[in-house]
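Before any comments, here is the structure.
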Amino acid sequence: MSSKDSLLKIETHNVPALQHNERLQDYAVGIFSTIVSRKGIKKAIKSGLVKVNSEKGYTGDWIVGGEVIELYRDPNLKKPGIDLFLEVLYEDDHLAIIFKPAGILVSGNKKFTIENALSFNLTRSHQPDALQYPEPIHRLDYPTTGALLIGKTTSTVIALNKQFENRAISKFYIVVVIGTINDYGIITADIDGKPSKSEYKKLATIPSVKYEFLNLLELVPHTGRRHQLRKHLAGIGNPIFGDALYDKEGENVKGKGLYLHAFSLKFDHPVTEEKIFIRASLPKKFSNLFPSN
């Protein structure tokens, strides 16, 4: 079987009615959870990993509305391995959940990624469709910590991606933000021209001489845009503590990292149908600020 014949479909996007036609390389930015950057989607298109209505997509194809865009991955592609210890929060023969540390990419063109370290940390699946290299199902930003879902078989990767598309996987984040903020809120500002929704609940507040207040929030992203939580919170005037990128005033703390943590994942196991609820303990820097939470 050729590499082309063995491509694995991992995500599907149904294009809604559009007000304006867009080139594929522009429209596809942010529609998939596993590739969110403009550079990444352009590379995937040129590598033949994006199809439009079951046909190979090209960067200059016009998207007019109503199309089905599919993202594929080549499971036989050789990947470099790195010997990096990762904490495994859950693992069985079909999937795993690991603790992603800060300061490392989930995947990409660089050698030093979470994806390239998975084979050193997870047990090879015994299933007939076991993947040679386990696949991250979603992504977390470079400075973000927390729970990351991994597929170990072809069928599991497909099923988990479908659950993400159907919003059947619940993700909860814990974050520290600057300033005065309501006890509860929903943010619906578009991101990169696409509808987006984030929901937050305040858990605790402490006074701050420099920032007035620091607030511990629980966050639920109802969509999966690139840097969604960081952009949404900065947009309402409450940038995340440690986020030098989106703090427009340039007053944010530096040197302590981003206070954004993927706290938990909740979903139905696609094979056993067991209800999975896994929490990733808060990094020490959170408890240093809010010791009682």
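Data overview
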item: LYS256 closer than 22 Å to LEU140 by Cα, exposed (fewer than 14 other Cβ atoms within 10 Å of the Cβ), charged (D, E, K, R) and modelled with pLDDT under 95; result: yes
item: Any hit, region 176-183, residues being closer than 19 Å to ILE276 by Cβ, buried (at least 20 other Cβ atoms within 10 Å of the Cβ) and at pLDDT below 95; result: no
item: Index of the failed condition, ILE150 passing every other in (1) in a strand (DSSP E or B); (2) crowded, with 19+ Cβ neighbours inside 10 Å; (3) assigned by TED's automatic domain parsing to the domain that holds PHE213; result: (3)
item: Tally, over region 200-214, of residues that are buried (at least 20 other Cβ atoms within 10 Å of the Cβ) and either acidic (Asp, Glu) or out of contact with any strand residue (DSSP E or B) (no Cβ under 6 Å at 6 or more places or on another chain) (or both); result: 0
item: Test for LEU217: is it surrounded by 21 or more Cβ atoms within 10 Å (Cβ to Cβ), within 30 Å of LEU18 (Cβ to Cβ), touching a residue at least 40 places away in the same chain (Cβ under 8 Å) and not hydroxyl-bearing (Ser, Thr, Tyr); result: no
item: Which listed residue, of HIS222, HIS232, is more than 19 Å from GLY146 (Cα to Cα) and either touching a residue at least 40 places away in the same chain (Cβ under 8 Å) or among the hydrophobic types (A, V, I, L, M, F, W, C) (or both); result: HIS232
item: Pairs with Cβ under 7 Å, 6+ apart, first in region 263-277 and touching a residue at least 40 places away in the same chain (Cβ under 8 Å) and assigned to a loop (DSSP other than H, G, I, E, B), second aliphatic (A, V, I, L, M) and surrounded by 14 or more Cβ atoms within 10 Å (Cβ to Cβ); result: HIS269/ILE276; PRO270/ALA159; PRO270/LEU160
item: Test: residue in region 60-75 that is farther than 20 Å from ILE276 by Cα and free of Cβ contacts under 8 Å to residues at least 12 places away in the same chain; result: no
item: Search result, residues across region 13-27 that are free of Cβ contacts under 8 Å to residues at least 12 places away in the same chain and either among the polar types (S, T, N, Q) or under 12 Å from GLY66 (Cβ atoms) (or both); result: GLN19
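The values are calculated or read from the model by the stated rules, or taken from the named source; none is laboratory data. If you're wondering where the values come from, they're calculated on a predicted model, not measured in any experiment. Glycine gets a Cβ as well: all are built from the backbone with ideal geometry, and neighbour counts include every protein chain shown.
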